[in-house]
1. Spot the failing condition for Leu145; the list is (1) over 30 Å from Thr125 (Cβ atoms); (2) modelled with pLDDT of 80 or more; (3) under 26 Å from the mean Cα position of the chain (by Cα), and only one is missed.
2. From the list Val277, Val297, exactly one residue is surrounded by 20 or more Cβ atoms within 10 Å (Cβ to Cβ), within 26 Å of the chain's Cα centre (by Cα), among the hydrophobic types (A, V, I, L, M, F, W, C) and under 21 Å from Arg246 (Cα atoms). Which is it?
3. Under 7 Å between Cβ atoms, at least 6 apart or on separate chains: pull out the pairs that start in the range 321-333 with a residue that is surrounded by 15 or more Cβ atoms within 10 Å (Cβ to Cβ) and end on any residue that is small (Gly, Ala, Ser) and part of a helix (DSSP H, G or I).
4. Can you tell me which residue within the range 280-294, out of those that are touching a residue at least 60 places away in the same chain (Cβ under 8 Å) and in a helix (DSSP H, G or I), is surrounded by the most Cβ atoms within 10 Å (Cβ to Cβ)?
5. Somewhere in the range 197-218, is a residue in contact with a Gly (Cβ under 7 Å, 6 or more places away or on another chain), free of Cβ contacts under 8 Å to residues at least 40 places away in the same chain and not hydroxyl-bearing (Ser, Thr, Tyr)?
6. Give the residue, chosen from Asp185, Asp198, that is acidic (Asp, Glu), over 25 Å from Val158 (Cβ atoms) and modelled with pLDDT under 85.
7. Quick one: in the range 216-230, of everything that is surrounded by fewer than 16 Cβ atoms within 10 Å (Cβ to Cβ) and more than 16 Å from Ala349 (Cα to Cα), which residue is modelled with the highest pLDDT?
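The values are calculated or read from the model by the stated rules, or taken from the named source; none is laboratory data. Quick caveat, the model's predicted, so the values are computed rather than measured. Reconstructed Cβ throughout: ideal geometry from the backbone, glycine too, with neighbour counts over all protein chains shown.
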Amino acid sequence: MTAEQRQSALAGALATLQQNRDGLPWPDRRQLTGLLGQALRAGNGQDGLLPLVNLLAEDPKPEVRQGIADLLSALADDAFAPLAARLSEDTNAFVRNAAQRAVDRRRRGQKEAGRKKRGIDQVLTDYSAMEREHGRAAAEKARRLGERLYDLLVGATVHDMRAVVTPAKANATSLLAHLDEGNADPKVLREGVVKIADRLDFMERLLEDVRSYSQPLPTQRSRTRLADMVAEAVGIVRDNMTAAQRDPAAVQLAVAVPEGVTLRAARHQLVVAFTNVIKNAYEALADSAGQFRGGEVDIRAELIANEVRITVRDTGQGLPADDLRDLRQFIPGRTTKQNRGTGFGLPIARRNVLAHGGTFDIDSVVEQGTTVTLTLPLTQDAEDEE
């Protein structure tokens, strides 16, 4: 149904129901709520649609009222509030629950919009401060550099997404052709579906990494044990490998982290950093099929003055000098891995470590392996936040 046909159907239904509330069977009225939702989300003039929305919100059938509750989040604030209040007190539990879900969705959307606005406002504030301190020319140069980095990040992410979507679409088209020809070979169907599932899995990981990289870092810190964070990260990596039917036991793991070392940290952020680094170390010991061959991953921590130095070393194939130089730029989306890495793991890890006042470096030698070294301060504050 085209937009014009939909608008015509809704206008005709409104005229019918205004003359006779029972002028249409209730299943047809329930179907109207779906058309209304499509029209509202397409931006087809809310004012012209509200009379039908309000009329159906008072329908005697709860199924129809629930349909209106389901589309509440598409309404503007002035129309949303009274309808949400009314349907949240409906006599039918399904209608009440649908209205509450709409309220929750609206609240989450407003919170996200507020967070984005605060982020933009902070960027503008930082830009103004830079302009005052260093002059307009320096501030403009910094802005252009930021825009270039943004362009690189978006371009790399879109490229990776297209590299996933294009073959997945080709696989789906091939499977449809196979079925249209009257074939239903289970082996062919399974192979095609597995390929699509693998690519969607990569897409999911890529989107999660992009989301993680874009999240503002928390400023709240609490004291937590380093050994516990490392152990949690190791557990996450090994559990994920096992779930993917990859046996991590083939890799010899050694962990030496002093039990008494504590840090003031945003625990989740450091666990993510350790997880990404340790995962990379394991991946360096995988063959072309993704299975692990013999090798070692060594995780150590030692106290040096007022900081703790953590090293994660693998005995994998190592990186050529050119790849290492590129990797040390820590540009999100850039990866030396094929088919597995999203290119966000190390940039996220480095970003989280630097946010804690630490340092992050990587060294690698071909045929000898790779070592990631990070340091974290052992500052002792007068009072820890809980």
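1. It fails just one condition, (1).
2. On the way: Val297 fails: within 26 Å of the chain's Cα centre (by Cα).
Residue meeting the stated conditions: Val277.
3. Short answer, once both residue conditions are applied: Gly333/Ala156.
4. Per the criteria, the residue is Ala281.
5. no
6. Asp185
7. So the residue we want is Asp228.
Residue-wise test of (1) over 24 Å from the mean Cα position of the chain (by Cα); (2) not in a loop (DSSP other than H, G, I, E, B).
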{"position": "Val165", "(1), (2)": "no, yes"}
{"position": "Gly192", "(1), (2)": "yes, yes"}
{"position": "Thr219", "(1), (2)": "no, no"}
{"position": "Glu232", "(1), (2)": "no, yes"}
{"position": "Glu259", "(1), (2)": "yes, no"}
